[in-house]
Amino acid sequence: MYYLAYGSNLNIKSMEKMCNNPKKVGVTVLKDHKLECRKYLNVIPSKGDVVFLGVWEIKEEDVTYIDRYEDYPYLYYKKMIDFELEGQTFKGLIYIMNNGFKKEKPTKEYLEICRQGFIDFGIDFSVLEDL
């Protein structure tokens, strides 16, 4: 199955600790969304904006570990969305933060894990500077 990451789970070392042999597949775009930070990264609707997502291929049993990490269902909910990769459409799992959590600056440690993940996927991490 495909998992779509946009924060700390872009980081290869973090994902390798959490999942059983995750495979980095590529990068896709989530249209009409932008990144925000409520201590942890989140995607929110924003017309005309885009968020670059790292695409992982994971095993279904890995979702249990990601659920724990993402504090599902308290902090994040999850859903399957369509995404495009190399001209084809697939379905992938994405986690989105529940409403009710205030905007808050992330820790330097969390941002560093995210920054490395952006580098791991070849995504411009300058967007993190504005959070």
(message) Against the conditions (1) touching a residue at least 12 places away in the same chain (Cβ under 8 Å); (2) farther than 18 Å from LEU131 by Cα; (3) touching a strand residue (DSSP E or B) at 6+ places or on another chain (Cβ under 9 Å), where does LYS59 fall short? Just the number, please.
(response) (3)
(request) Residue by residue through region 117-127, note down the ones that are more than 13 Å from the chain's Cα centre (by Cα) and either open to solvent by less than 30 Å² (accessible area, probe 1.4 Å) or among the polar types (S, T, N, Q) (or both). (result) SER126
(message) Quick test for you: out of GLU86, GLU70, GLU104, pick the one residue that is of a type in the set (Asp, Glu) and over 16 Å from GLY54 (Cβ atoms).
(response) GLU104
(message) Consider region 62-96. How many of its residues are closer than 20 Å to LEU128 by Cα and of a type in the set (A, V, I, L, M, F, W, C)?
(response) 2
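Conditions (1) among the hydroxyl-bearing types (Ser, Thr, Tyr); (2) touching a residue at least 24 places away in the same chain (Cβ under 8 Å); (3) more than 19 Å from MET15 (Cα to Cα), marked per residue:
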| position | (1), (2), (3) |
| --- | --- |
| VAL43 | no, yes, yes |
| LYS47 | no, no, yes |
| VAL50 | no, no, yes |
| VAL63 | no, yes, no |
| GLN88 | no, no, yes |
| PHE118 | no, yes, no |
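The values are calculated or read from the model by the stated rules, or taken from the named source; none is laboratory data. Source: prediction; values computed, not measured. We place every Cβ from the backbone using ideal geometry, glycine too, and count neighbours over all the protein chains shown. Calculation scope for accessible area: heavy atoms of the full protein, side chains included, ligands and nucleic acids excluded. Shrake-Rupley method; radii C 1.70, N 1.55, O 1.52, S 1.80 Å.
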